[in-house]
Each structure stands twice: as structure tokens, then as C-alpha cells.
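Here is the structure we will look at.
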Amino acid sequence: MAGSYATGKKKFSIYILLTYLVLILFILVTITPIIWGLITSLKGTGEINRFPPTIFPEKLDLSNFYKVIFLSNFTTYFKNSCLVTFLCILASTIIAGHAAYAISRFNIKFKEQMMFGILMTSMVPAVALLIPLYIMGVKAGIYNTGFMLVLVYTSWRTPMLTWILKGFFDSVPIAIEEAAMIDGCTRLRTFYTIVIPMSQPGIVSSALLTAVYVWNDFLVSFTFVTKEELRTVSVGLYSYITQYGVQWGELLSAVMITIIPIIILFVLLQRKFVDGMAAGAVKG
């Protein structure tokens with residue numbers, strides 16, 4: 001009996017050790033390009049182009065960051081991305097939240113077919129929609145505007161957010177809402193004061209996924225905006241790739257600045273995000 005217990009404990013310890021080794025390896029593979037980019041951004045142009053390359057900078061050089069922030073249009077790109085991302089998160093979350101709650105609580109005919117249709121719309125490849133959206137944008141007079149970006153991003157993210165949020169709203173006990181309505185709350189007030197606070201992990205997870213998608217997207221921004229003053233960071237980064245070569249120092253400095261907002265969001269909201277992902281996994 002004791003031998004069996006010892007054997008089981010040994011297997012469990014080996015399993016934990018292998019798990020940590022895999023996780024450490026995954027972290028190293030993920031973080032190495034970021035560290036290398038940061039180190040390279042702190043080198044001078046001569047040291048960056050040197051072969052063989054140096055691992056650590058011989059002298060810290062912040063000129064690349066200075067050029068990106070003060071001598072280029074990167075700050076304009078950064079502001080545009082922040083504004084478009086914020087508006088898209090706000091619009092898609094509000095629309096998807098109300099739609100998901102209606103589907104979750106009301107007895108709607110063909111509800112399952114409707115949810116399947118909503119899911120299918122999010123699976124359509126973006127490339128297949130670019131030409132029709134381009135024609136519609138030109139005819140509507142909104143091509144080459146920030147409104148066009150917000151509209152396209154919101155319409156693409158709303159179906160998926162609706163599907164995700166419905167699962168969280170389904171987990172909120174109906175009895176709590178019924179008790180609130182007996183006390184005089186309207187359906188809408190019940191939604192705002194009870195359902196939304198209880199579904200915070202799901203809402204935060206959806207918002208973060210939307211933020212990452214919009215912030216990193218290149219295809220939509222490159223297709224529907226050509227004005228320099230309206231470009232986002234994902235498109236603006238390509239301005240450092242010229243016909244004369246790649247400006248590695250400035251490019252990697254801009255990349256380091258670009259990833260800061262997403263890192264800050266995940267650090268500040270990591271608890272809600274993990275809770276939301278865990279709850280979604282359990283529902284699945």
C-alpha cells in the first residue's frame with residue numbers, strides 16, 4: 001500500500017516537473033523575440049548593422065526612441081490606434097451585450113439557428129469582404145475616414161462577442177433577476193445593476209480580445225485608410241521599411257512602444273481575464 005502511494009507520488013512529481021519545463025520553454029520561446037527587439041532598439045545604427053552582431057549594446061543609445069517619438073508621425077499613429085480601439089471596444093461591447101442578453105433571456109423563435117448564423121458570420125474570411133466593403137464605403141462617402149475603421153471593426157467583432165457574452169449571461173441565475181423585478185426593477189435596470197456586475201469577467205475578457213484584435217490588425221486599416229494623419233500603428237510601422245532598407249533601430253523602438261498598451265491592459269485586468277477564460281472553459 002505504501003509502495004503504491006510512493007509510486008503514485010513519484011509519477012505526480014514527474015508530471016509537475018514536466019509541466020513546469022514545458023511552460024518555461026514556452027515562455028522563453030515567446031519572450032526571446034521581445035527581449036532581442038528591446039536590446040536592439042537600445043543600440044546605435046552602427047552597432048545594429050555590425051556583423052557578427054553583439055548580444056548586449058556596448059553603449060545605451062536612446063536616439064532611436066527619440067526619433068520615433070519626436071521626429072516622426074508615430075505619435076499620430078499611436079493616438080489613432082488608441083481612439084479606434086477604444087471606440088470599437090465600447091461600441092461592440094454595448095451592442096453585443098444587449099443582443100446577448102436578449103437572446104439569453106427572451107423566448108425567441110429559431111434561437112439556435114440565429115446563434116449559429118451569428119457564429120458563421122464571424123468565420124467569413126476578411127479578404128472575401130474587402131472589395132464589397134470598399135465599394136460600399138466609397139459610395140457612402142465614409143472611405144478614408146476613422147468612422148469607416150470603427151464601423152468595420154465593430155461589425156466584425158460584435159458577432160463573436162455576442163456568442164461569448166451569451167454564455168456568461170446564461171450562467172447568471174434567473175431567480176436573482178426575478179427577485180429584483182419583484183422589488184420594482186425594470187428589465188433594463190436589472191440588466192445593468194445585476195447581470196453586468198455578475199458577468200464582469202466575461203465582459204473584460206471580451207473587451208481584451210477585441211482590443212488585441214483591433215490594435216494588431218493591419219489588413220483593414222491598410223485597405224480603408226490612406227491618409228497619413230489617419231493611419232494606425234500597425235500600418236505606420238511599415239513606414240520604417242523603405243526602398244533603401246529597413247531602419248531596424250527605429251522600427252524596433254516603435255514596436256516596443258506599440259506593445260506597451262496591450263501589456264498594461266493585461267497586467268491591470270489579468271485577474272478578470274483569467275476568471276473569464278476559466279469560466280468559459282467550464283461552460284464549454
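Each row is one residue, and each column tells you yes or no for (1) modelled with pLDDT under 85; (2) within 24 Å of VAL235 (Cβ to Cβ); (3) not assigned by TED's automatic domain parsing to the domain that holds GLY245.
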position: ILE27; (1), (2), (3): no, no, yes
position: LEU62; (1), (2), (3): no, no, yes
position: PHE65; (1), (2), (3): no, yes, yes
position: PHE116; (1), (2), (3): yes, no, no
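Every residue in the range 124-176 that is among the aromatic types (Phe, Trp, Tyr) and closer than 16 Å to THR226 by Cβ, please.
Those that are among the aromatic types (Phe, Trp, Tyr) and closer than 16 Å to THR226 by Cβ: TYR134, TYR143, PHE147.
I'd like the full set of residues that are touching a residue at least 60 places away in the same chain (Cβ under 8 Å), within 30 Å of ALA126 (Cα to Cα) and of a type in the set (Ser, Thr, Tyr), limited to the range 165-212.
The answer is SER205, SER206, THR210.
Just one of (1) modelled with pLDDT under 90; (2) hydrophobic (A, V, I, L, M, F, W, C); (3) within 30 Å of VAL172 (Cα to Cα) trips up ILE89, so point out which.
(1) is the only condition that ILE89 fails.
With respect to GLY97, determine if the residue is assigned to a helix (DSSP H, G or I), of a type outside the set (A, V, I, L, M, F, W, C) and not assigned by TED's automatic domain parsing to the domain that holds SER171.
When the stated conditions are applied, GLY97 does not pass them.
In the range 107-119, is there at least one residue being in contact with a Lys or Arg (Cβ under 9 Å, 6 or more places away or on another chain) and closer than 21 Å to ILE196 by Cα?
Among the residues of the range 107-119, at least one is in contact with a Lys or Arg (Cβ under 9 Å, 6 or more places away or on another chain) and closer than 21 Å to ILE196 by Cα, which makes the answer yes.
Please determine whether any residue of the range 225-244 is of a type in the set (Val, Ile, Thr), out of contact with any His (no Cβ under 7 Å at 6 or more places or on another chain) and more than 30 Å from GLY137 (Cβ to Cβ). First the steps, then the outcome.
Of the range 225-244, the ones of a type in the set (Val, Ile, Thr) are 225-226, 232-233, 235, 241-242.
Filter again for out of contact with any His (no Cβ under 7 Å at 6 or more places or on another chain), leaving 225-226, 232-233, 235, 241-242.
Next, from what is left, pick out any that are more than 30 Å from GLY137 (Cβ to Cβ): none.
The answer is no; no qualifying residue exists.
Among the residues of the range 230-244, are any in contact (Cβ under 8 Å) with a residue 12 or more places away in the chain, part of a loop (DSSP other than H, G, I, E, B), hydroxyl-bearing (Ser, Thr, Tyr) and buried (at least 20 other Cβ atoms within 10 Å of the Cβ)?
Yes: one or more hits.
ALA175 - would you say it is of a type in the set (A, V, I, L, M) and closer than 21 Å to ALA102 by Cβ?
The answer is yes for ALA175.
Only helices (runs of 4 or more DSSP H) wholly contained in the range 116-219 count here; list those with 1 or more residues that are within 17 Å of the chain's Cα centre (by Cα).
Result: 146-170, 200-216.
Scan the range 59-73 for residues that are part of a helix (DSSP H, G or I) and surrounded by fewer than 23 Cβ atoms within 10 Å (Cβ to Cβ) and jot them down.
Scanning the range 59-73 gives SER63, PHE65, TYR66, LYS67, ILE69, PHE70.
Given the options LEU87, LEU42, name the one that is buried (at least 16 other Cβ atoms within 10 Å of the Cβ), touching a Pro at 6+ places or on another chain (Cβ under 6 Å) and among the hydrophobic types (A, V, I, L, M, F, W, C).
That would be LEU42, the only listed residue that is buried (at least 16 other Cβ atoms within 10 Å of the Cβ), touching a Pro at 6+ places or on another chain (Cβ under 6 Å) and among the hydrophobic types (A, V, I, L, M, F, W, C).
So which residues in the range 100-115 are closer than 15 Å to GLY167 by Cα and part of a helix (DSSP H, G or I)? Let's see the steps before the verdict.
Initially, the range 100-115 is screened for residues closer than 15 Å to GLY167 by Cα, giving 100-106, 111-112, 114-115.
Passing the criteria: ALA100, TYR101, ALA102, ILE103, SER104, ARG105, LYS111, GLU112, MET114, MET115.
The values are calculated or read from the model by the stated rules, or taken from the named source; none is laboratory data. From a predicted model like this one, the values you see are computed outputs, not experimental measurements. Positions of Cβ are generated from backbone atoms using ideal geometry, with glycine treated the same way; all protein chains shown enter the neighbour counts.
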